[in-house]
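**Student:** What follows is a structure written as structure tokens; I'll ask about it next.
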Amino acid sequence: MKVAVLGGGPAGLYFAISMKLRDPSHEVVVFERNRPDDTFGWGVVLSDETLDNLAANDERSAAAIREHFAYWDDIAVVHKGTRTLSTGHGFCGIGRMRLLLLLQARAKELGVDLRFRAEVDDHAALMAQYDLVVAADGLNSKTRTALAEHFRPDIDVRKCKFVWLGTRQKFDDAFTFIFEKTEHGWVWAHAYQFDDDTATFIVECSGETWEKSGFGSMSREESIATCEAIFRDHLGGHALMSNANHIRGSAWINFPRVLCERWSYRNVVLMGDAAATAHFSIGSGSKLAMESAVALADYLHSEPTMQAAFAKYEDARRTEVLKLQSAARNSLEWFEDVERYLDLDPVQFTYSLLTRSQRISHENLRLRDARWLGDAEEWFQRQAGAPSGTRRAPMFAPFRLRGLEFANRVAVSPMAQYRAVDGCPTDWHFVHYAERAKGGAGLMFIEMTCVSPQGRITPGCTGFYRPEHEAAWKRIVGFVHAETRAKICAQIGHSGPKGSTRLGWEEADAPLKDGNWPLMAASAVPWSPGNQTPKAMDRADMDRVREEFVAAARMAERCGFDMVELHMAHGYLLSSFISPLTNRRDDEYGGSLGNRMRYPLEIFHAVRAVWPDDKPISVRISANDWVGDEGVTPEEAVKIARMLQEAGVDICDVSAGQTSIRAKPVYGRMFQTPFSDRIRNETGMATIAVGNIYEPDHVNSILMAGRADLVCLARPHLADPYWTLHAAAALGDRGVRWPSPYLPGRDQLYRLAERGPEQMTGKV
């Protein structure tokens, strides 16, 4: 097979090597536009695991690479004059130039034709001349551009500016992150050793700081001198160096996140950064490229046709690429927004940095550095007001709102049961809430409980509007307070345009087959074409509903609830005012965000006026309508939270979506937590995180990183009412309180936990 490889980087060279190893008769030519010793960048990061994978493919090149590795176990974070060190991370670095020279030598040894300073512009001619064309020509791939209509690249140019420099200063004890505040904003460095004498020193900052600092108008030498001045306290008198002389103009760039819809066209296939990029902050670009090279070479020799090989290559590698890109996206977004975290205590800031990609969990960090994490947990508990010396996971830290103190940070989410009769809770509700209150969570929400019969979502929804409702809720609250340490919160709401629908397990949000009641909303905008059109509320409607909320709050107080939450999310009545998708009013309650928030805030102030001063009020919002700029965006959600905070709301329950059938949410574990994170760290307001949170690791990571103050779990509590008690047992925490009649079960669970997870789950 005649093979043309475009690009002499790690991807192209290693693919050429891999092809010759499988069949020496292949004619493989590598075209590289630069000279053999030209390279952008200094060191690259590979792991021992990656080297093991490469060794299985080619032991000789893997051994040569391993001989030139610089190893380090620690990560150092320099922030606010404090150097925080965490160990157990296991990195390996090698100079990019050294790596290329080793791969060049191995390729020549195997008979690969290496052609440097060779530009390829006529892709059609190359496709005709060679059986296979592998485009490994980097993130600015000419091939991808020339054949863009076939590959359909999605290129997202990110916000931060960075420049890849080197230094003779030693950073051989740790991968080091340095954050320095300048008069123009924050600038930070990623520094790591890659040989005995040289370290990579990537300087990064926001686009705004870059502009204000004047980097755009500086020469390369001036730019480097400015960076040296910023980091002089960390360079030990050593200079910063650039090896990007082959690049015209400034070496500062914005990172482009690349993902192509297709990776192949006829006899051309993309590889490495040409196909997909992963941000440098997770150090996986070279790993991705070289492992993809191995995979493609394998499939070209195992599959019956080239097209079948391409299909298998893309199917297998795309999954790995997307996994890494997801982690890389989390990491780069953390750096893009790092200024919102820089006021955190150095302990919490370091934890946030270490867990930014979500590849390192709380307990994984304990495996890496149990001592550091233990100290961090003690710090968290101390900040939370726990007794001095307390070392427990963050989920077991106390939390206070006004006069209310929660025993821990775990909350049972509001979950509709659809079992009420004429709005009245039944024995089902008593058992449901009693069981979950016994399960150890610090806070339990009841399902959205409606302020009127017309404000119900379904005929099975609970209410706060009849005397029998009060009696039933009082019975439930009385049990919770008498038998458990849990606090209980009444979520109060009005269905608005999403009312008069079938039970949740029948068909969600579908109108009743008969017996429908009239609806109202901010505007006459139906939930869907199949739902009835609500009446646009007039002033009389607004006054009446406001008084219904007040009456519901008064009833909740008489029942003994510890807290109330106003439901302003998910497309219900108050949400219909907030979202521009459903608020089409042209009066003082429509248009600007201030106007759209006017009525929800009227409701809050009216409820706050009758709710006891020592009891907190929460508000649930949808922080993203998931329809782009047409709806509520995360940026606007911050403004909404500030308005709530200024009004006196104690905590923001940050959900998202369910406001439009047009929504296109991006799901994943903890997928709504970034909205809570942003609100908390940009406003200083306490928040609750919700959404696909199901493991103790998730809860502890969210809390320890300062992404929320409480964490709500829904489905896990449906599956296991005793989720918190079981989580404590799995973590070896013996500080939670079990109901006295259940102590023998507790003791058995503790014994089984000590024997291992298999015993707890019944696996042998």
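**Student:** In this structure, does Ala522 turn out to be surrounded by 13 or more Cβ atoms within 10 Å (Cβ to Cβ), in contact (Cβ under 8 Å) with a residue 60 or more places away in the chain, in contact with a Ser or Thr (Cβ under 8 Å, 6 or more places away or on another chain) and of a type in the set (A, V, I, L, M)?
**Tutor:** Spelling it out, Ala522 is indeed surrounded by 13 or more Cβ atoms within 10 Å (Cβ to Cβ), in contact (Cβ under 8 Å) with a residue 60 or more places away in the chain, in contact with a Ser or Thr (Cβ under 8 Å, 6 or more places away or on another chain) and of a type in the set (A, V, I, L, M).
**Student:** Tell me whether segment 460-482 contains one or more residues that are in contact (Cβ under 8 Å) with a residue 40 or more places away in the chain, of a type in the set (A, V, I, L, M) and not assigned by TED's automatic domain parsing to the domain that holds Leu725.
**Tutor:** Checked segment 460-482: no residue is in contact (Cβ under 8 Å) with a residue 40 or more places away in the chain, of a type in the set (A, V, I, L, M) and not assigned by TED's automatic domain parsing to the domain that holds Leu725.
**Student:** Here's a check for you: in segment 644-670, which residue that is crowded, with 18+ Cβ neighbours inside 10 Å and out of contact with any helix residue (DSSP H, G or I) (no Cβ under 7 Å at 6 or more places or on another chain) is farthest from Leu581 (Cα to Cα)?
**Tutor:** Of everything passing the filter in segment 644-670, Asp650 is farthest from Leu581 (Cα to Cα).
**Student:** Also, I was wondering about something else. Kindly indicate whether Leu354 is within 15 Å of the chain's Cα centre (by Cα), aliphatic (A, V, I, L, M) and modelled with pLDDT under 95.
**Tutor:** The answer is no for Leu354.
**Student:** Among the residues of segment 369-376, is there at least one that is closer than 21 Å to Ile693 by Cβ, outside the structural domain of Gln454 (by TED's automatic domain parsing), modelled with pLDDT of 95 or more and surrounded by 21 or more Cβ atoms within 10 Å (Cβ to Cβ)?
**Tutor:** Among the residues of segment 369-376, at least one is closer than 21 Å to Ile693 by Cβ, outside the structural domain of Gln454 (by TED's automatic domain parsing), modelled with pLDDT of 95 or more and surrounded by 21 or more Cβ atoms within 10 Å (Cβ to Cβ), which makes the answer yes.
**Student:** Further question on the same structure: For segment 509-527, give me each residue that is at pLDDT 95 or above and under 35 Å from the mean Cα position of the chain (by Cα).
**Tutor:** Of everything in segment 509-527, those that are at pLDDT 95 or above and under 35 Å from the mean Cα position of the chain (by Cα) turn out to be Ala521, Ala522, Ser523, Val525, Pro526, Trp527.
**Student:** What's the total number of residues in segment 620-639 that are under 16 Å from Asp677 (Cα atoms) and surrounded by 23 or more Cβ atoms within 10 Å (Cβ to Cβ)?
**Tutor:** So the count comes out to 6.
**Student:** Restricting to segment 77-100, give me the number of residues that are over 30 Å from Leu342 (Cβ atoms) and among the polar types (S, T, N, Q).
**Tutor:** Result for segment 77-100: 0.
**Student:** Here are some conditions: (1) modelled with pLDDT of 95 or more; (2) not assigned by TED's automatic domain parsing to the domain that holds Glu630. Glu588 meets all but one. Which one does it not meet?
**Tutor:** Of everything listed in (1) modelled with pLDDT of 95 or more; (2) not assigned by TED's automatic domain parsing to the domain that holds Glu630, Glu588 misses just condition (2).
**Student:** Can you tell me which residues in segment 155-171 are under 18 Å from His234 (Cβ atoms) and surrounded by fewer than 17 Cβ atoms within 10 Å (Cβ to Cβ)?
**Tutor:** Once the filter is applied, which keeps residues that are under 18 Å from His234 (Cβ atoms) and surrounded by fewer than 17 Cβ atoms within 10 Å (Cβ to Cβ), segment 155-171 yields Arg168, Lys170.
**Student:** So which residues in segment 620-656 are part of a strand (DSSP E or B) and either outside the structural domain of Ile679 (by TED's automatic domain parsing) or touching a His at 6+ places or on another chain (Cβ under 8 Å) (or both)?
**Tutor:** Arg620, Ser622, Ser655 - these are the residues of segment 620-656 that are part of a strand (DSSP E or B) and either outside the structural domain of Ile679 (by TED's automatic domain parsing) or touching a His at 6+ places or on another chain (Cβ under 8 Å) (or both).
**Student:** For segment 289-336, give me each residue that is in contact with a strand residue (DSSP E or B) (Cβ under 9 Å, 6 or more places away or on another chain), over 15 Å from Asp273 (Cα atoms) and acidic (Asp, Glu).
**Tutor:** Glu333, Glu336
Okay, residues lined up against (1) of a type in the set (A, V, I, L, M, F, W, C); (2) on the phi < 0 side of the Ramachandran plot:
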{"site": "Gly628", "(1), (2)": "no, no"}
{"site": "Ala637", "(1), (2)": "yes, yes"}
{"site": "Ala641", "(1), (2)": "yes, yes"}
{"site": "Gln645", "(1), (2)": "no, yes"}
{"site": "Ser655", "(1), (2)": "no, yes"}
{"site": "Thr673", "(1), (2)": "no, yes"}
{"site": "Ser676", "(1), (2)": "no, yes"}
{"site": "Ile693", "(1), (2)": "yes, yes"}
{"site": "Pro696", "(1), (2)": "no, yes"}
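**Student:** Which of the strands (runs of 3 or more DSSP E) contained wholly in segment 305-422 include at least 3 residues that are hydrophobic (A, V, I, L, M, F, W, C) and more than 28 Å from Ser286 (Cα to Cα)?
**Tutor:** In segment 305-422, 410-412 are the strands (runs of 3 or more DSSP E) which contain 3 or more residues that are hydrophobic (A, V, I, L, M, F, W, C) and more than 28 Å from Ser286 (Cα to Cα).
The values are calculated or read from the model by the stated rules, or taken from the named source; none is laboratory data. Since we're looking at a predicted model, the values are computed, not measured. Cβ sites come from the backbone with ideal geometry, for glycine too, and all protein chains shown count toward neighbours.
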